[in-house]
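Remarks on the structure that follows.
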There are 6 protein chains.
Amino acid sequence: MLKRIRVIIPVNTPIWNQAVLQDLDSFKSPETSLEVVNLKKGIPSVETHFDEAWVIPFTLEEALKAEEEGCHGALIYCTADPALLACKEALRIPVVGIGEAAFFLAAYLGKRFAILSPGPSLPFDVGPEVDNIKVYGLEKQCVGLKPLEIPVLDLERDREAVLEKLIQAGKEMVKRGADVLVLGCGVLLGLEKRLSAVLQVPVIVPGRVALKLCESLIELGLAQSKRAFPLPGFNKEVTL
Amino acid sequence: MLKRIRVIIPVNTPIWNQAVLQDLDSFKSPETSLEVVNLKKGIPSVETHFDEAWVIPFTLEEALKAEEEGCHGALIYCTADPALLACKEALRIPVVGIGEAAFFLAAYLGKRFAILSPGPSLPFDVGPEVDNIKVYGLEKQCVGLKPLEIPVLDLERDREAVLEKLIQAGKEMVKRGADVLVLGCGVLLGLEKRLSAVLQVPVIVPGRVALKLCESLIELGLAQSKRAFPLPGFNKEVTL
Amino acid sequence: MLKRIRVIIPVNTPIWNQAVLQDLDSFKSPETSLEVVNLKKGIPSVETHFDEAWVIPFTLEEALKAEEEGCHGALIYCTADPALLACKEALRIPVVGIGEAAFFLAAYLGKRFAILSPGPSLPFDVGPEVDNIKVYGLEKQCVGLKPLEIPVLDLERDREAVLEKLIQAGKEMVKRGADVLVLGCGVLLGLEKRLSAVLQVPVIVPGRVALKLCESLIELGLAQSKRAFPLPGFNKEVTL
Amino acid sequence: MLKRIRVIIPVNTPIWNQAVLQDLDSFKSPETSLEVVNLKKGIPSVETHFDEAWVIPFTLEEALKAEEEGCHGALIYCTADPALLACKEALRIPVVGIGEAAFFLAAYLGKRFAILSPGPSLPFDVGPEVDNIKVYGLEKQCVGLKPLEIPVLDLERDREAVLEKLIQAGKEMVKRGADVLVLGCGVLLGLEKRLSAVLQVPVIVPGRVALKLCESLIELGLAQSKRAFPLPGFNKEVTL
Amino acid sequence: MLKRIRVIIPVNTPIWNQAVLQDLDSFKSPETSLEVVNLKKGIPSVETHFDEAWVIPFTLEEALKAEEEGCHGALIYCTADPALLACKEALRIPVVGIGEAAFFLAAYLGKRFAILSPGPSLPFDVGPEVDNIKVYGLEKQCVGLKPLEIPVLDLERDREAVLEKLIQAGKEMVKRGADVLVLGCGVLLGLEKRLSAVLQVPVIVPGRVALKLCESLIELGLAQSKRAFPLPGFNKEVTL
Amino acid sequence: MLKRIRVIIPVNTPIWNQAVLQDLDSFKSPETSLEVVNLKKGIPSVETHFDEAWVIPFTLEEALKAEEEGCHGALIYCTADPALLACKEALRIPVVGIGEAAFFLAAYLGKRFAILSPGPSLPFDVGPEVDNIKVYGLEKQCVGLKPLEIPVLDLERDREAVLEKLIQAGKEMVKRGADVLVLGCGVLLGLEKRLSAVLQVPVIVPGRVALKLCESLIELGLAQSKRAFPLPGFNKEVTL
């Protein structure tokens, strides 16, 4: 069963496209075809509610285009899940945020999960993922979000240092009760196995989980409930 | 104490401005000066997550401008509270969404509140207000959101019919346990006294409550916690 | 990637095996091989905590055997998820209960799901699924379990009558707020499309969802957290 | 709009009256007139459920008198909110407890608040405020109550020592996740700015918040829902 | 093991004493001696927060006297549990409210309980029991409090009419999901068997349950945790 | 009133019988007769979901036999409460798990309880008791389960060492907020007084609490709600 999936990386730059596509390609079904796109306007990375605000209508635009162009599903490739609820209203094909997919699987695999997030020096447990988890109804299962204090745009510079920070942050979260860890960024790739081996807990790479979930939904003929996310009337004129 | 408050009606049309200003003028402190603005782009009314998506960056733009121009506080005048969390991050002056202000006061005045919302024929208990209430932590106190099935843009046509629908919907919500009602739209004005008299429960007009809350915060020298809503690094280039 | 999955139908009869295998075969990945087994002792169908008690150690026995014999994953094919937590402790390969898989997906696809269960004339909202949902942390998202009052062993007799009962029960649950429905039995197959078309909500067939989840976990190299479900010391002598 | 507000300091001594009146006078609206009263019987300070028990009927007596004498609103000036629910039943004018007002505003301004309370050496997180927060439905948003181990009657002796204790206790609470602090006593005045400057979180002075809330309710024509707090039949004879 | 238990009926009238003593006598252990007392001041029946306020200090007075006079335990014989938390602080002997004892047992015997309360025509689900259940942490297990609209002082007039009202109210609560019923009044005695036979659910008589719990605590050497309910400093002068 | 209570120690060995019987004998009512039994098959001690799985049908068998043989109540003497929900469905006489009885009393006596459990070196807060507490609805009141890292079968070897471990673990739990401690094992007897004296919190011995609860239920004519735990149809053939 052919599955054409649009991967929307909701930033105004293509710099992550190749790495993301390469990572997803190793995990996709042979019958899945992936198409990676970016936004025409916005901001180059999303780490806060503030960042997220700039990309929301342009993300929705890309999601609308994906359905119009015949895709069977769409991924919003950012753990902050920007514009996700709007996309679920507007589209009939399954739209999967990589944040929501990762958080639901984390809640499923253990009793309490934590998120390890890049991001500048924020306090513990703030930001869009933390608020979204309340909307998704998984608040009780989430120990918290721990920032690594590395800007997303610097993640590639010194990968051993990033791994070391992941291990330290992960240990702290396991001590607080976490038994599953979620990497809170779509481009934090390739360190998950070593982190999992050191801490002995599952480590979830959100984009991969979202891909498998989207493929599964397409194969099962399922999508977001239109009763929970009813189609909006499209008769208002939008200016953008 | 002079309080200069910017009232952002987050739509791309000025059609509501006069009615809103007139209503707030009757409730403002003598020392408050109100300035009503709209968005340069977006959509003419916000009833769904889909609608909300189009106005978010432009609402944030107006909020940033309000602080730059020396306002002491800002209201986001829509019960869906678009861009609210982003504004709370970006600004140091108090930013009050009329939705959040109404929901907290409703939770305070009784045990369980309900929202009566205009909006086209949606199912029970969907839409941005319902999801926001989870983020605000008031889910247990909210009986649900009941749509009146009137498009916002038609609210002024037949006010007796609107009142009748409000009474019917309100009765149903009281029967489900509500003891306070919130009018789920910023421009549903002037019917609250008759509704409250018929149903014998407090009826909350969100814009007025938000105004009084914003004035109080300014007078008390308080605003959103910057630990909960940390200032974003502004060094990323935004394209809009 | 070859995925050998053992499907444990936890009853002491093979009468469901062919129908289950046939249904799963249409949804499995081309690289998945399915092996259906039953229990050496127990009871012919599981509808209550009482029924479930008789099959628990024999289900665990089959799960242990699956791992010993080199399977990559195991399904416990009963929405009551008998012996599931014990299996998650005992095994390193992913063990997926069809109940838990269905409930997590239902919580993901909408805001509130309901379960339509066969079963004799029980009161509303009792039985093993209802208690398990508390353990899985999805209580807030579950509207309830509605019994159809049909013994599992009679499901095949008059399928139009079963569909009619599903539609009536589903309508009632949608009115209570459900926006996703879960078929609360592994052998209630082939009616889901018509039910979904009538009620306009997603209808989840648990076995299929569990299959796709188990395949995804194997492909992603994930399984239940051994910190949440630690390996028991096997040094106690069991008599069975 | 004239607002006559009775401030009931629910103790059998006038020793706090002047300080409270002076503090509230700086924050009241020009159109508000404040009248401070005490109880005819009771106890000189309220720090525990035990203390609170002695003042309850006498606080209710004063609240009844306030309404009879034509006040537009009443404050119960103690963070334990003694007799508050009884007053809300008995009165039609708004009755605001300074505890409840502070806790709702704290929940509004951040994600998680903590209370810094004087009081003798109690364990963490006990006492009337802690139990009231469950009744108000704000349990999830409250990190806890931290006692300073200073009897209320000693608060004025060494204010620098009190500030030092507030900073230490506040730091501990921020580390536990608090992003807003509430001063858990009506007479802990004048230290809030320095505390807020050191810890960089909003610090709430309950009496001031209650005053602004009460003024707002009067101006908006709102009060506690009589459906949540129905008028008791007054036909039973009380002996006091 | 001798168990001397003081039964405090927290009203200013002895009219219920004989009926209560007679009822408890049939259920007490042979080694228990019961002593029934009333308050020196207050109100003749407790149905609201307002009523409760008048009896609180006088109830505490009686509880203090019970411990001073060597009792091994005390019951507060009113389902509103007046002064209970204050008594738990002040005393080292077990103090059991008949409300709390009934609610905990109801939560234990089923999944969801309801309270059938006398009381004049109140709305559904208001009053002291409803708020106390939040403090006790049993909110999720309580379907609600249904008033019978009979003043407590009229309960003895027409017992068949009372039974009829109990059956109607009980049926409604069972339909809402209750599987255990609590009689929300200490003097609603002698109808429980017929009610239980008609509705086929356990019916809890609070006073009896509290008696057995108090006896059990005394025999097991247990009482309220003094860490949860620390002894207040008694050094403040009380005027009453 | 004669109360014949069957004590089912759900293991396949009689080694604990004498100690348990001796302990319960000191607390039983003079009118209670106790009968201790074991299982015909299973495992010698229950510390995990895995262990529990082996004993479930054989525990249910003994419970069925207890009712058939005319007992008035039954205890399942293991804090994991194996087969408890199945027994509550199958029987009309009260069946009390020593775990559930202890957890409900712990929730009643304080605000937050913790469990001190023997068991090999498990992570914090895993195992059957932890999951059961969610089913019982007491999750909010439970701070967690702390393993002592002593196999149950070694508890008798060095009792001073066990006491020392209990004190250390108890201190940690009190620091986390526990104000009541539950001994998480039915054969951890005789150390509770010293532990309680050191930590100044109530220490609950589950078997004794369950005995008193079972006696109370029998005397009050109460048992598990058959609406919550409906009688299963017994017409299916079981093979064991």
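Using a 10 Å cut-off around each Cβ of peptide C:103-115, what is the average number of partner chain Cβ atoms that fall inside? Display every interim value, and only then the final one.
Details: counts 1, 4, 7, 2, 6, 16, 9, 8, 13, 5, 2, 0, 0.
Counting Cβ atoms of other protein chains within 10 Å of each residue's Cβ and averaging gives 6.
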Can you give the % of DSSP beta bridges in the protein assembly as shown that are antiparallel, to the nearest 5? 10
For the Cα atoms of chain F, what angle does the longest principal axis make with the long axis of helix F:49-68, in degrees from 0 to 90, nearest 10? 40
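Tell me the relative contact order for the range D:99-206 as a rounded percent, counting alpha carbon contacts under 8 Å between residues six or more apart. Please list the in-between numbers first.
On the way: 179 pairs, mean separation 37.7, N = 108.
About 35 percent, as a whole number.
Output the relative contact order of the range C:97-149, whole-number percent, from Cα pairs under 8 angstrom with separation of 6+ residues. List each step's numbers first, then the result.
Details: 65 pairs, mean separation 26.2, N = 53.
Value for the range C:97-149: 49 percent.
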Counting alpha carbon pairs within less than 8 Å and at least 6 residues apart, what relative contact order, in whole percent, applies to chain C? 22
Kirkwood Rh in Å, taken over all unlike Cα pairs in the range E:144-218: 13.1
Would you calculate the separation in nanometres between label points at D:GLU68 and A:SER26, each defined as 7 Å from the Cα along the Cα-to-beta-carbon direction? 8.1
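Please state the equivalent ellipsoid semi-axes for the range C:1-61: what are the square roots of 5 times the Cα gyration tensor eigenvalues, largest first, in whole Å? Write out the running numbers ahead of the final one.
Working: eigenvalues 122, 30, 16 Å².
So the equivalent ellipsoid measures 25, 12, 9 Å along its semi-axes.
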For B:VAL55, E:VAL7, D:VAL162, ascending order of other Cβ atoms within 10 Å (fewest first) is D:VAL162, E:VAL7, B:VAL55
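Apply 1/(1 + (r/R0)^6) to the Cβ-Cβ distance of F:GLU237 and E:GLN168, taking R0 = 41 Å, and write down the FRET efficiency to the nearest 0.05.
My answer for the efficiency is 0.45.
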Mind checking the dipole of the protein assembly as shown: about its Cα centre, +1 per Lys or Arg Cβ, -1 per Asp or Glu Cβ, Debye to the nearest 20? 0
Can you compute the radius of gyration and Dmax for the range D:99-206, using only the Cα atoms, both in Å? 12.4, 36
Taking H as built 1.01 Å from N, whose amide H comes closer than 5 Å to the amide H of F:LYS111, not counting residues under 5 places away? F:ASP179
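Viscosity 0.890 mPa s, temperature 25 °C: what is the translational diffusion coefficient of the protein assembly as shown from Stokes-Einstein with a Kirkwood Rh over Cα pairs, rounded to a whole number of µm²/s?
Values: Rh = 32.9 Å.
For the chosen part, D equals 75 µm²/s.
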Copy-to-copy label separations for E:ARG159, where each label sits 7 Å from Cα toward Cβ, in nm and ascending: 5.3, 6.0, 6.0, 6.8, 8.3
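Looking only at Cα atoms, what is the convex hull volume of the range C:55-164 per residue, in Å³?
Numbers: hull volume 14.2 nm³, N = 110.
Here the figure is 129 Å³ per residue.
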Can you find, among A:SER29, A:ASN17, A:ALA83, the residue farthest towards the positive end of the dipole of the range A:1-113? Put +1 on the C-beta of Lys and Arg, -1 on that of Asp and Glu. A:SER29
Report the closest approach of any chain B C-beta to the axis of the B-to-F rotation: residue and distance, in whole angstrom. B:LYS140, 6
So for the range C:99-205: antiparallel DSSP bridges make up what percent, rounded to the nearest 5? 10
May I ask you to evaluate 6.51 cos²θ - 1.76 cosθ + 1.60, the Karplus curve with θ = phi - 60°, for each residue of the range C:202-217 and list the ³J(HN,Hα) values in order in whole Hz, giving x for glycine and proline? x, 10, 9, 9, x, x, 5, 4, 5, 4, 5, 5, 5, 4, 4, 4
Value of [θ]222 nm, deg cm²/dmol, for chain C, DSSP H segments ≥ 4, -39500 (n - 2.57) each, nearest 500: -12500 deg cm²/dmol
Cα-based convex hull volume of chain D per residue, rounded to whole Å³: 120
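Counting only DSSP beta bridges with both residues in chain C, what percent are antiparallel, rounded to the nearest 5?
Here the share of antiparallel DSSP bridges comes out near 5 percent.
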Could you give the size of the charge dipole of chain F about its Cα centre, using +1 on the Cβ of each K and R and -1 on the Cβ of each D and E, expressed in debye and rounded to the nearest 20? 620
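How do D:TYR136, A:TYR77 rank when sorted from fewest to most other Cβ atoms within 10 Å of their own Cβ? Write out the running numbers ahead of the final one.
Working: D:TYR136 23, A:TYR77 30.
Least to most surrounded, the residues fall as D:TYR136, A:TYR77.
Can you sort B:THR48, D:THR32 from fewest to most other Cβ atoms within 10 Å of each residue's own Cβ?
In order of increasing Cβ crowding within 10 Å: D:THR32, B:THR48.
Average partner chain C-beta neighbours within 10 Å, per residue of F:56-68?
Numbers: counts 11, 11, 4, 1, 6, 2, 0, 1, 1, 0, 0, 0, 0.
If you average over the peptide's residues, the count of other-chain Cβ atoms is 3.
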Amide proton proximity set for C:VAL36, modelled H, under 5 Å, gap of 5+: C:VAL7
What gaps in nm, shortest first, separate D:THR13 from its twins in the other copies when you place the label 7 Å past Cα toward the beta carbon? 3.9, 6.4, 6.5, 6.5, 8.0
Output the 0 to 90 degree angle, nearest 10, between the alpha-carbon long axis of helix E:159-175 and the longest principal axis computed from the alpha carbons of chain E. 80
Amide H partners (placed H, <5 Å) of B:TYR77, local residues excluded: B:ILE8, B:ILE9
Ascending list, in nanometres, of distances separating the A:ASP25 label from those of the other copies (7 Å, Cα toward Cβ): 3.5, 6.5, 7.8, 7.8, 9.1
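Among A:LYS134/D:LYS111; B:LYS226/E:LYS134; F:LYS28/F:LYS171; B:LYS3/D:LYS165; B:LYS140/F:LYS175; A:LYS134/C:LYS226, which pairs are too far apart, with a Cα-Cα distance over 23 Å? The partial results should precede the final answer.
Working: A:LYS134/D:LYS111 12 Å; B:LYS226/E:LYS134 31 Å; F:LYS28/F:LYS171 31 Å; B:LYS3/D:LYS165 34 Å; B:LYS140/F:LYS175 29 Å; A:LYS134/C:LYS226 26 Å.
Pairs exceeding 23 Å: B:LYS226/E:LYS134; F:LYS28/F:LYS171; B:LYS3/D:LYS165; B:LYS140/F:LYS175; A:LYS134/C:LYS226.
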Rounded to whole Hz and in sequence order, give me ³J(HN,Hα) for the range F:102-114 from the Karplus expression 6.51 cos²θ - 1.76 cosθ + 1.60, θ = phi - 60°, writing x for Gly and Pro. 5, 5, 5, 5, 5, 5, 6, 7, x, 9, 8, 10, 10
Please give the charge dipole size of the range F:99-205, origin at the Cα centre, charges +1 on K and R Cβ atoms and -1 on D and E Cβ atoms. Round to the nearest 20 debye. 400
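Taken together, the values in this text are just the output of simple stated rules run on the coordinates, not laboratory data. No experiment lies behind these values; they were computed from the predicted model shown. Methodologically, a virtual Cβ is constructed for each residue, glycine included, from the backbone with ideal geometry; neighbour enumeration extends over all protein chains shown.
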